[in-house]
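These notes concern the structure reproduced below.
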Amino acid sequence: NVPPTITLNPIFTATLNSTGGITVEPTSIASVTDNCGGSSLALNVSDFTCTNVGNNSLLVTATDAFLLSSTAATIVSVVDTANPTISSKPSLNVSLDANGNGTITTADVVLSTADNCAGV
(Lines give C-alpha, C1' and ligand atoms only; values in the text may rest on other atoms or scores of the structure.)
Protein backbone atom coordinates (compact mmCIF):
# COMPACT_ATOMS: atom_id res chain seq x y z
CA ASN A 1 0.00 0.00 0.00
CA VAL A 2 2.69 2.46 -1.04
CA PRO A 3 1.66 5.20 -3.47
CA PRO A 4 3.90 5.91 -6.47
CA THR A 5 6.79 8.37 -6.15
CA ILE A 6 6.95 11.35 -8.50
CA THR A 7 10.31 12.80 -9.51
CA LEU A 8 9.94 16.25 -11.04
CA ASN A 9 12.23 17.47 -13.79
CA PRO A 10 13.68 20.98 -13.39
CA ILE A 11 11.40 23.80 -14.57
CA PHE A 12 10.19 22.73 -17.99
CA THR A 13 10.14 25.26 -20.83
CA ALA A 14 7.38 24.76 -23.40
CA THR A 15 7.95 26.62 -26.67
CA LEU A 16 4.81 27.58 -28.57
CA ASN A 17 4.56 26.36 -32.16
CA SER A 18 3.81 28.40 -35.29
CA THR A 19 0.08 28.41 -34.51
CA GLY A 20 0.62 29.59 -30.92
CA GLY A 21 -0.02 26.34 -29.09
CA ILE A 22 1.70 23.35 -27.53
CA THR A 23 0.64 20.16 -25.77
CA VAL A 24 2.95 19.06 -22.95
CA GLU A 25 3.35 15.36 -22.25
CA PRO A 26 3.44 14.29 -18.57
CA THR A 27 6.76 12.47 -19.11
CA SER A 28 8.34 15.80 -20.10
CA ILE A 29 7.51 17.12 -16.64
CA ALA A 30 8.12 14.15 -14.36
CA SER A 31 8.88 10.47 -13.96
CA VAL A 32 7.26 7.93 -11.67
CA THR A 33 8.49 4.91 -9.74
CA ASP A 34 6.35 2.45 -7.85
CA ASN A 35 6.87 -0.80 -5.98
CA CYS A 36 4.13 -2.58 -7.94
CA GLY A 37 4.64 -1.08 -11.41
CA GLY A 38 1.98 -0.13 -13.91
CA SER A 39 2.03 3.54 -12.90
CA SER A 40 0.76 6.36 -15.08
CA LEU A 41 1.26 10.14 -15.01
CA ALA A 42 -1.31 12.83 -15.71
CA LEU A 43 -1.26 16.64 -15.73
CA ASN A 44 -4.13 18.87 -14.65
CA VAL A 45 -3.33 21.10 -17.67
CA SER A 46 -1.48 19.95 -20.77
CA ASP A 47 -2.51 22.38 -23.53
CA PHE A 48 -1.03 25.88 -23.61
CA THR A 49 -1.52 28.88 -25.88
CA CYS A 50 -0.27 32.44 -26.24
CA THR A 51 -2.40 33.50 -23.27
CA ASN A 52 -0.26 31.22 -21.08
CA VAL A 53 3.14 32.82 -21.86
CA GLY A 54 5.09 32.94 -18.61
CA ASN A 55 5.17 30.60 -15.61
CA ASN A 56 2.21 28.27 -15.11
CA SER A 57 1.51 26.13 -12.04
CA LEU A 58 0.72 22.48 -12.74
CA LEU A 59 -0.28 19.45 -10.72
CA VAL A 60 1.25 16.12 -11.68
CA THR A 61 -0.63 13.01 -10.57
CA ALA A 62 0.82 9.51 -10.55
CA THR A 63 -1.52 6.54 -10.18
CA ASP A 64 -0.45 2.92 -9.83
CA ALA A 65 -2.14 -0.37 -10.72
CA PHE A 66 -3.86 -0.47 -7.30
CA LEU A 67 -5.24 3.08 -7.82
CA LEU A 68 -2.95 4.55 -5.18
CA SER A 69 -1.90 8.04 -6.21
CA SER A 70 0.48 10.88 -5.44
CA THR A 71 0.49 14.49 -6.57
CA ALA A 72 3.22 17.08 -6.94
CA ALA A 73 3.17 20.73 -7.94
CA THR A 74 5.55 22.16 -10.50
CA ILE A 75 6.00 25.05 -12.91
CA VAL A 76 5.90 25.07 -16.72
CA SER A 77 7.41 28.11 -18.38
CA VAL A 78 5.64 28.84 -21.69
CA VAL A 79 7.63 30.90 -24.19
CA ASP A 80 6.95 32.38 -27.62
CA THR A 81 10.20 32.42 -29.61
CA ALA A 82 8.64 32.82 -33.08
CA ASN A 83 9.40 36.21 -34.57
CA PRO A 84 6.56 38.07 -36.25
CA THR A 85 6.82 38.35 -40.03
CA ILE A 86 6.24 41.25 -42.36
CA SER A 87 5.91 41.39 -46.13
CA SER A 88 6.45 44.63 -47.94
CA LYS A 89 4.95 45.77 -51.21
CA PRO A 90 7.35 45.27 -54.10
CA SER A 91 7.58 48.94 -55.04
CA LEU A 92 6.33 52.36 -54.10
CA ASN A 93 6.16 55.62 -56.02
CA VAL A 94 6.22 58.71 -53.85
CA SER A 95 5.18 62.07 -55.21
CA LEU A 96 7.24 64.97 -53.91
CA ASP A 97 5.84 68.37 -53.15
CA ALA A 98 7.41 71.69 -54.23
CA ASN A 99 9.89 71.45 -51.32
CA GLY A 100 11.02 67.95 -52.28
CA ASN A 101 9.17 66.22 -49.42
CA GLY A 102 6.96 63.17 -49.69
CA THR A 103 4.70 61.38 -47.27
CA ILE A 104 4.08 57.66 -46.92
CA THR A 105 2.09 55.60 -44.46
CA THR A 106 2.56 52.09 -43.13
CA ALA A 107 -0.26 50.93 -45.44
CA ASP A 108 1.72 52.28 -48.42
CA VAL A 109 4.63 49.94 -47.61
CA VAL A 110 3.32 46.92 -45.72
CA LEU A 111 1.58 44.16 -47.65
CA SER A 112 0.96 41.83 -44.69
CA THR A 113 2.06 40.93 -41.17
CA ALA A 114 1.72 37.71 -39.18
CA ASP A 115 2.46 36.52 -35.66
CA ASN A 116 1.59 33.26 -33.92
CA CYS A 117 0.54 35.28 -30.85
CA ALA A 118 -1.03 38.28 -32.58
CA GLY A 119 -3.38 40.26 -30.41
CA VAL A 120 -2.20 38.81 -27.12
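Can you list the cysteines of the chain that have no other Cys Cβ under 4.7 Å away?
Here CYS36 come out as lacking a disulfide-compatible partner, given the Cβ-Cβ threshold of under 4.7 Å.
When the scattering of the chain is computed by the Debye formula from its Cα atoms alone, each counted once and equally, what is log10 I(q)/I(0) at q = 0.09, 0.10, 0.16 Å⁻¹?
-0.45, -0.50, -0.81
Largest first, how would CYS50, CYS36 line up by accessible area (1.4 Å probe)?
Result, largest first: CYS36, CYS50.
Okay, which of segment 96-115 sit inside 16 Å, backbone N to the point 7 Å along the Cα-Cβ direction of ALA82?
Once the point is set 7 Å along Cα→Cβ of ALA82, 113-115 turn out to lie under 16 Å by backbone N, inside segment 96-115.
Find the centroid of the Cα atoms in segment 11-51 and in segment 59-117, then give the distance between the two in whole Å.
24 Å
When the C-alpha atoms of segment 1-42 are aligned to their principal axes, what extent does each axis show, in angstrom, from largest down?
45, 19, 10
With every protein chain left in place and a probe of 1.4 Å, what is the accessible surface of PHE66, to the nearest 10 Å²?
PHE66 has an accessible surface of roughly 150 Å² with all protein chains in place.
In whole percent, how big is the carbon plus sulfur part of the accessible area of the chain, probe 1.4 Å, protein atoms only?
52 percent
Highest mean first, what order results for 98-105, 21-28 on Cβ atoms within 10 Å?
21-28, 98-105
Roll a 1.4 Å probe over the protein chains and send me the accessible area per residue for the chain in Å².
Normalised by residue count, the accessible surface of the chain is 64 Å².
The values are calculated or read from the model by the stated rules, or taken from the named source; none is laboratory data. All values derive from a computational prediction rather than experimental measurement. In this analysis, Cβ positions are derived from the backbone assuming ideal geometry, glycine residues included, and neighbour counts consider all displayed protein chains. Note: accessible area is taken over every heavy atom of the protein model, side chains too, but ligands, DNA and RNA are not part of it. Shrake-Rupley method; radii C 1.70, N 1.55, O 1.52, S 1.80 Å.
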